[in-house]
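Below: one structure, written as C-alpha cells.
The values are calculated or read from the model by the stated rules, or taken from the named source; none is laboratory data. For clarity, every value in this text was computed on a predicted model and none was experimentally measured. Cβ placement follows ideal geometry from the backbone for every residue including glycine, while neighbour counts extend to all protein chains displayed. Heads up: the accessible areas ignore ligands, DNA and RNA and are worked out on the full protein's heavy atoms, side chains in. Shrake-Rupley method; radii C 1.70, N 1.55, O 1.52, S 1.80 Å.
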Amino acid sequence: MFYTAQLRNRISTLETDLSQAQLRADASDRQTADALQVTFNAQASLAVLTAPDVARVDLAGQPVAPGATARAFWSRSRGLVFTGANLPQLPAGRTYQLWVVTAQAPISAGLLRPDPQGGVRGTFATPPDIPAP
C-alpha cells in the first residue's frame, strides 16, 4: 500500500512536470514564430530599401494633422516601405489605410495601426504593373 501511494505521488509529480514542460515548449514555439516574422519583415524591408529602382517620397501632414510626417520607399520590383510619425490616434476599432495614389486611380497598399506615439511602419507588396505614384 505504501509503495502504491509513492507511485501515485511520483506519477502526479511527473504529470505536473510534463505539463509545465509543455507550456514552456509552447511559449518557445510562439517566440520562434515571432522571431521568424520579424526576420521576414526585416528582409522584405531591406529588399525594398536596397533595390536599384527604389524611389523616396516624403509626405507632410494635411490641415487635420499638420504635425504628421511620413516617408515611403517604393520599388516597382520589390514593394513599398512606409514609415510615419505624429499621426492622430484613432477611435477604438479603427485603423489607417495606406493608399498609393496614381494618375489612374488610388490603390490600397494595406492597413496600418499607429503605436501610442502616433508612429507607423509597414512593408507592403505592390503589384509589378502598378502605375507610378
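Would you mind calculating the gained length between LEU36 and GLN89 on full extension (0.36 nm times residue separation, minus the Cα-Cα distance), in nm to one decimal?
On the way: separation 53, 0.36 × 53 = 19.08 nm, distance 2.91 nm.
Contour length minus the Cα-Cα distance gives 16.2 nm.
Taking amide hydrogens as modeled 1.01 Å from N in the peptide plane, which residues meet the under 5 Å criterion relative to THR126, leaving out close sequence neighbours?
Long-range HN contacts for THR126: GLY79, LEU80.
What is the Cα convex hull volume of the chain when expressed per residue in Å³? If you can, show how the numbers build up before the last one.
Working: hull volume 22.3 nm³, N = 133.
About 168 Å³ per residue, rounded to a whole number.
Against the longest alpha carbon principal axis of the chain, how many degrees, from 0 to 90 and to the nearest 10, is the axis of helix 2-49 turned?
10 degrees
Given 4 °C and 1.567 mPa s, compute D for the stretch 9-79 with the Stokes-Einstein relation, Rh being the Kirkwood radius over Cα pairs; round to the nearest whole µm²/s.
On the way: Rh = 16.5 Å.
D, rounded to a whole number, is 79 µm²/s.
Which whole-number percent is the relative contact order of the chain (Cα, under 8 Å, 6+ apart)?
Details: 177 pairs, mean separation 23.7, N = 133.
Relative contact order of the chain: 18 percent.
Using alpha-carbon positions, what is the distance between the centroids of the stretch 62-120 and the stretch 22-49, in Å?
Their Cα centres are 24 Å away from one another.
Can you compute the modelled spin-label distance between ARG71 and ASN9, with each label point 7 Å from Cα toward Cβ, in nm?
Here the modelled spin labels are 6.6 nm apart.
Accessible area, 1.4 Å probe, largest first: how do ILE130, ILE107, ILE11 sort?
Working: ILE130 5, ILE107 55, ILE11 90 Å².
I get ILE11, ILE107, ILE130, largest accessible area first.
Subtracting the Cα-Cα distance from 0.36 nm times the residue separation, let me have the gained length for PHE2 to ASP129 in nm, one decimal. Let's see the in-between values first.
Values: separation 127, 0.36 × 127 = 45.72 nm, distance 7.77 nm.
Length gained between PHE2 and ASP129: 38.0 nm.
With the other protein chains left in place, how much accessible area per residue, in square angstrom, belongs to the chain at a 1.4 angstrom probe? Before the final figure, lay out each step's value.
Numbers: 9680 Å² over 133 residues.
With all protein chains present, the chain gives 73 Å² per residue.
Rounded to a whole number, what % of the accessible area of the chain do carbon and sulfur atoms account for, probe 1.4 Å?
Numbers: 5750 of 9680 Å².
Taking all protein chains in place, the chain shows 59 percent carbon and sulfur surface.
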